[in-house]
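The structure under discussion appears below in the form of structure tokens.
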Amino acid sequence: MSSPARLALVATGGTIACTLDADGRAVRTLAADDLLAATIVPAGVEVTTTNFGLMPSWDLTPPAMLELARRVEKLAADFDGVVVTHGTDTLEETATLLSLAIRTPVPVVVTGAMRASGEPDADGPANIATALAVAADPASHGRGTLVAFGDEVHLATRVSKRHSSALLPFGSPATGPVGVVHDGTVTFLAPPVPPTTYDVTHAHADVPLVVACAGAPVRLARAALDGADGLVVAGMGLGHLPSPWMDLLGDAVRRGVPVVRATRTGAGPAAGRYSGPGGDIDAEERGLMSAGHRTPAAARIELICVLGAGADPAEAFARPLP
Ligand code: ASP
């Protein structure tokens, strides 16, 4: 008989940690042991629990995410896999940071829930069971951080929460899921691609994410750049920006503040085709970088990691989607 897969389960909070109070409000009460007690653990898996926090993920910051990454990295040295439970609101941001900042072939799998414990369709226990199965599977090695949710497995750097309330809110707009889970068995749909990583020493770079819209005031861009170490703008369509913003953004690039443009559409690249101010060719001529197929949130986390590693943003964003 083969020896069991030894996994660590790290709890950080989120809906998956919630129970309902007498007024029906979701309150974070469940620690890692409670989560494990409610889960049907896959055969051949041994789980050790640890608590990182009981946070709503909307209040997590990149420095806290990096602290989590360091904790996970240590666990990855001692276990065969690590599962992180997390709020879904910023799950993609934490998962992206873990993927970019941790160097390990050991599977790191992030999951969460859309319903609190006690709701009729509570999805936490099944999602944890799936994440444990993914983390225990040798085929998950060397893929960077993964997100397991429902019956899908996504690459951390590509996944995005695409629905505010649905039970299956995650998708990977650029590529779709990298794997599917059926009856506790993972089938990967693509071979592993070595993950992009950086030697991230800090994650406190001030990098706002601003969404452009028709007639967006210049003061929005000005405020976003005030004190910023970098900026990500989610532009319209192919990443187009209001033309009155362009001088400000171009000046920022000349001062050494990297500016990355992504698309606010939810899918597809920030690309080049149109002439004229605010168009993609103008943006490129002014030194703005394209996020390529990265989501705006992932582009922001990558820029924070790049700056925290002292790496070259131009080189980083010239690479395709990690
Ligand atoms: N709606 C969120 C969740 O699913 C709340 C959070 O992100 O903490 O956990």
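The values are calculated or read from the model by the stated rules, or taken from the named source; none is laboratory data. Fair warning: this is a prediction, and the values are worked out from it, not measured in the lab. When we count neighbours, we look across all protein chains shown, and the Cβ atoms used for this are built from the backbone with ideal geometry, even at glycine. Calculation scope for accessible area: heavy atoms of the full protein, side chains included, ligands and nucleic acids excluded. Shrake-Rupley method; radii C 1.70, N 1.55, O 1.52, S 1.80 Å.
When the accessible area of the stretch 32-114 is computed with all protein chains present and a 1.4 Å probe, what percentage of it is carbon and sulfur?
On the way: 1700 of 3150 Å².
Answer for the stretch 32-114 is 54 percent, counting heavy atoms of protein chains only.
If a/c stays under 1.5 just call it rounded; otherwise compare a/b with b/c (prolate if a/b is bigger, oblate if not). Do that for the stretch 35-81, with a ≥ b ≥ c from the square roots of the Cα gyration tensor eigenvalues.
Cα axes put the stretch 35-81 in the oblate bin.
Sort 159-165, 78-84 by the packing proxy (mean of other Cβ within 10 Å over each peptide's residues), most packed first. Spell out each step's value before the answer.
Numbers: 159-165: 16.9, 78-84: 24.6.
The densest-packed peptide leads the list: 78-84, 159-165.
Hey, any idea what % of the stretch 160-282's accessible area is carbon plus sulfur with a 1.4 Å probe? Walk me through the numbers before you get to the answer.
Details: 3370 of 6050 Å².
Here carbon and sulfur together make up 56 percent of the probe-accessible area.
In deg cm²/dmol and to the nearest 500, what is the mean residue ellipticity at 222 nm of the chain if only DSSP H runs of at least 4 residues count, each as -39500 (n - 2.57), divided by the residue total? List each step's numbers first, then the result.
Numbers: 9 runs with 89 residues, N = 322.
It comes out at -8000 deg cm²/dmol, rounded to the nearest 500.
Rounded to the nearest whole Å², what accessible area per residue is found for the stretch 88-149 with the 1.4 Å probe?
Values: 1540 Å² over 62 residues.
With the other protein chains kept in place, the stretch 88-149 gives 25 Å² per residue.
Could you rank Cys305, Cys213 by how accessible they are, 1.4 Å probe, largest area first? Present the calculation step by step, with values, prior to reporting the outcome.
Working: Cys305 0, Cys213 60 Å².
Final ranking, largest accessible area leading: Cys213, Cys305.
Highest mean first, how do 98-106, 32-40 rank when packing is the count of other Cβ atoms within 10 Å averaged over residues?
Numbers: 98-106: 22.4, 32-40: 16.7.
Ranked from most to least packed, the peptides come out as 98-106, 32-40.
Per q in 0.09, 0.16, 0.19, 0.21 Å⁻¹, report the Debye log10 I(q)/I(0) for the stretch 171-322, using one uniform scatterer on each alpha carbon and no solvent.
Here the Debye-derived log intensity ratios amount to -0.30, -0.84, -1.12, -1.31.
Counting Lys and Arg as +1 and Asp and Glu as -1, each charge on the Cβ, what is the dipole of the chain about the Cα centre in debye, to the nearest 20? Kindly include the intermediate steps, with their values, before the conclusion.
Details: 23 positive and 33 negative charges, 125 e Å.
Dipole size: approximately 600 debye.
Relative to the compact-globule scaling 2.2 N^0.38 Å, provide the ratio for the alpha-carbon radius of gyration of the stretch 110-182.
Numbers: Rg = 12.0 Å, N = 73, 2.2 N^0.38 = 11.2 Å.
Ratio of Cα Rg to 2.2 N^0.38 Å: 1.07.
Based only on the alpha carbon positions, what is the Kirkwood hydrodynamic radius of the chain, in angstrom? Before the final figure, lay out each step's value.
Numbers: mean 1/r = 0.0498 Å⁻¹.
That comes to 20.1 Å for the chain.
Taking the Cα centre of the stretch 55-129 as the origin, how large is its charge dipole in debye, to the nearest 20, when only Lys and Arg (+1) and Asp and Glu (-1) carry charge on their Cβ atoms? List each step's numbers first, then the result.
Details: 5 positive and 11 negative charges, 62 e Å.
Charge dipole, the stretch 55-129, about its Cα centre: 300 debye, nearest 20.
Classify the stretch 154-225 from the C-alpha gyration tensor, please: rounded if a/c falls under 1.5, else prolate or oblate depending on whether a/b exceeds b/c.
Working: a/c = 3.06, a/b = 1.69, b/c = 1.81.
Oblate, since a/c reaches 1.5 and b/c is not below a/b.
In the chain, what percentage of the DSSP-assigned beta bridges are antiparallel, given to the nearest 5? List each step's numbers first, then the result.
Working: 16 of 46 bridges.
So the antiparallel bridges amount to about 35 percent of the total.
What residue among Pro173, Asn51, Ser2 has its Cα farthest toward the positive end of the dipole of the chain, where the charges are +1 on Lys, Arg and -1 on Asp, Glu, each on the Cβ?
Of Pro173, Asn51, Ser2, it is Pro173.
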